[in-house]
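Working notes for the structure below.
The values are calculated or read from the model by the stated rules, or taken from the named source; none is laboratory data. All values derive from a computational prediction rather than experimental measurement. Here Cβ is always computed from backbone atoms with ideal geometry, including for glycine, and neighbour counts include all displayed protein chains. Surface accessibility is based on the protein's heavy atoms, side chains included, excluding ligands, DNA and RNA. Shrake-Rupley method; radii C 1.70, N 1.55, O 1.52, S 1.80 Å.
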2 protein chains.
Amino acid sequence: MERVRQACRSCSVSQLCLPAGLEASELDRLESALEKKMTLHRGESLYTVGDPLESLFAVRSGCMKTSVLGSDGVEQIIGFALPGELLGLDALSVERHQCTAVALDTTAICVLPFARIEDLAAELPSLNRQLLRIMGSEISREQDLLSLLANKRASERLASFLDNLSKRFSDRGYSGRDFRLYMSRQEMANYLGMTIETVSRTLSAWQREGLIHIESKALSILDPEGLRAIAGNCVAG
Amino acid sequence: MERVRQACRSCSVSQLCLPAGLEASELDRLESALEKKMTLHRGESLYTVGDPLESLFAVRSGCMKTSVLGSDGVEQIIGFALPGELLGLDALSVERHQCTAVALDTTAICVLPFARIEDLAAELPSLNRQLLRIMGSEISREQDLLSLLANKRASERLASFLDNLSKRFSDRGYSGRDFRLYMSRQEMANYLGMTIETVSRTLSAWQREGLIHIESKALSILDPEGLRAIAGNCVAG
DNA sequence: ACAATCCATTGATCTGTGTCAACCAGAACC
DNA sequence: GGTTCTGGTTGACACAGATCAATGGATTGT
């Protein structure tokens, strides 16, 4: 771990992250509250269920998954976090993390000590507003996902998911047509409430139909419109 | 609509609501920011998708449902709000409501003008903290619901739902064994991602087995343990 | 280079729950 | 007092997707 100066200003996703909308002087203060950055490797966890809330985290590069554990011990993946996204917000309720965050790839993380963020937010209204904004969008992201799981069929869910990933990659300056799926088929299936076999079969069918090309984790979307049509024009997921 | 003085202090659910943890002087200021209260009748809506964010709302008595509209126009119910619960948090992301809130019964609502709450939160750290806490618990509530929808079978979902309602009623000082289901079978089914027929069949089966007694909307839980066993000891829903 | 894993694909079969349809009961209305 | 409506229950049947099983390909470790 190392102290990072100018962390936010040099970060390509700051406009998607906590600093969005802050002025230069405010950014200075946020950067000085930012403790350190850390790097996780595939499979390493950032926090697990029950850990006390010490910090919020921002993904700087790479990809994380978050999951909750059902009473039966079965993992349910809640989301995949790309650069610019905040992690740990669910811990604000009871001061303990309610889910587990694991790296799916080598991932750089900014650590935001909660006490400092909280103090700073009390002084900087625009920071507090941005924090609320991010929490609000996490709430509505989950609402969209609920709608997806409750009343769409498997292929619609998978198509929405790929479309959503595509959009997020292009928002971050990467190609929305060709990208790497950081997660395994198992993880996609779990996230979308289906089995690995159904994921595999559906992808194979789309490949046969010329909608996509997929080889291991490398995905090319050949017909974005076709995919969106299957998704029912809904980009949740 | 009328101005309400001492709104929070006289409210039986204030400890579940925004004022939780506030000192007397802070409570004064919150109450003076609280604009008015209003009453909705069954079927009336508090806000709908796209309405600009003007206020957050707290349920004082009665029951509300919130739902999002899929791209295909299909309603997906996201939650049922009981007294003490806050509504409108999803609007903080884009300053517009992302879902619709409709009364399921005659319902009293406290209106919290967002601009005033925001200003006040900047001055009262404990209020801001409580707002974040409530948003955090909404996030984890939805996470639990995701887990329920993605990998539980219909009967487990329904049992979890009833168990969760039971718990919330008893938290509010009502009986957790005998209570009125404010929502229709159709609304339960929609919320839990199943059909009305499956809800009906499952309830009938449990009635036959002596787990519950249900007549129209009046539910008695005869065997809470049995119900919880079906739910797999998970209280999400 | 080989075995040992792990992950993905594909096929065959089974099942939970959706779909379609008939029926019933209570509420609302003439 | 009957008619219509709305919401709920029950049954028969169909099907999307789960489950079980076999195989293949890639990655890891020795």
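Inspect region A:223-230 for any residue being touching a Ser or Thr at 6+ places or on another chain (Cβ under 7 Å), within 14 Å of another protein chain (Cβ to nearest Cβ) and within 13 Å of DNA strand D (Cβ to nearest atom) and give the result as yes or no.
yes
Going by the conditions given, is B:GLN186 farther than 27 Å from B:ARG60 by Cα and either not assigned by TED's automatic domain parsing to the domain that holds B:LEU69 or not in a helix (DSSP H, G or I) (or both)?
When the stated conditions are applied, B:GLN186 does not pass them.
Given the condition of a type in the set (A, V, I, L, M), within 20 Å of B:LEU146 (Cα to Cα) and within 11 Å of chain A (Cβ to nearest Cβ), answer yes or no: does some residue in region B:75-84 qualify?
yes
Name the residue that is most open to solvent (accessible area, probe 1.4 Å), counting only residues in region A:178-204 that are more than 14 Å from chain B (Cβ to nearest Cβ) and farther than 22 Å from A:GLY43 by Cα.
Going through region A:178-204, the residues more than 14 Å from chain B (Cβ to nearest Cβ) turn out to be A:178-185, A:197, A:200-204.
The next check asks that each one be farther than 22 Å from A:GLY43 by Cα; those that pass are A:178, A:197, A:200-204.
Values: A:ASP178: 86, A:GLU197: 96, A:SER200: 54, A:ARG201: 159, A:THR202: 21, A:LEU203: 6, A:SER204: 50 Å².
Across region A:178-204, the extreme among qualifying residues is A:ARG201.
Looking for something among the basic types (Lys, Arg), within 16 Å of DNA strand C (Cβ to nearest atom), open to solvent by 20 Å² or more (accessible area, probe 1.4 Å) and free of Cβ contacts under 8 Å to residues at least 12 places away in the same chain - is there at least one such residue anywhere in region B:148-162?
Yes, region B:148-162 contains a residue that is among the basic types (Lys, Arg), within 16 Å of DNA strand C (Cβ to nearest atom), open to solvent by 20 Å² or more (accessible area, probe 1.4 Å) and free of Cβ contacts under 8 Å to residues at least 12 places away in the same chain.
Any idea which residue in region A:205-237 is nearest to DNA strand C (Cβ to nearest atom), counting only those that are part of a helix (DSSP H, G or I) and open to solvent by less than 50 Å² (accessible area, probe 1.4 Å)?
Looking at the filtered set, the residue picked out is A:ALA205.
Only one residue in B:ALA58, B:ALA20, B:ALA91, B:ALA81 is within 28 Å of A:VAL94 (Cα to Cα), surrounded by fewer than 20 Cβ atoms within 10 Å (Cβ to Cβ), among the small types (Gly, Ala, Ser) and outside the structural domain of B:PHE179 (by TED's automatic domain parsing). Which one?
Every option except B:ALA20 fails the conditions.
Out of the residues in region B:23-40 that are of a type outside the set (A, V, I, L, M, F, W, C) and within 23 Å of B:PHE169 (Cβ to Cβ), state the one that is surrounded by the most Cβ atoms within 10 Å (Cβ to Cβ).
Among those residues, the one meeting the criterion is B:LYS37.
Confirm whether A:GLY43 is at positive phi and surrounded by 15 or more Cβ atoms within 10 Å (Cβ to Cβ).
It is false that A:GLY43 is at positive phi and surrounded by 15 or more Cβ atoms within 10 Å (Cβ to Cβ).
Any idea which of B:VAL102, B:VAL94 is over 19 Å from B:ALA20 (Cα atoms), modelled with pLDDT of 95 or more and at the interface with chain A (Cβ under 9 Å from one of its Cβ atoms)?
The unique qualifying residue is B:VAL94.
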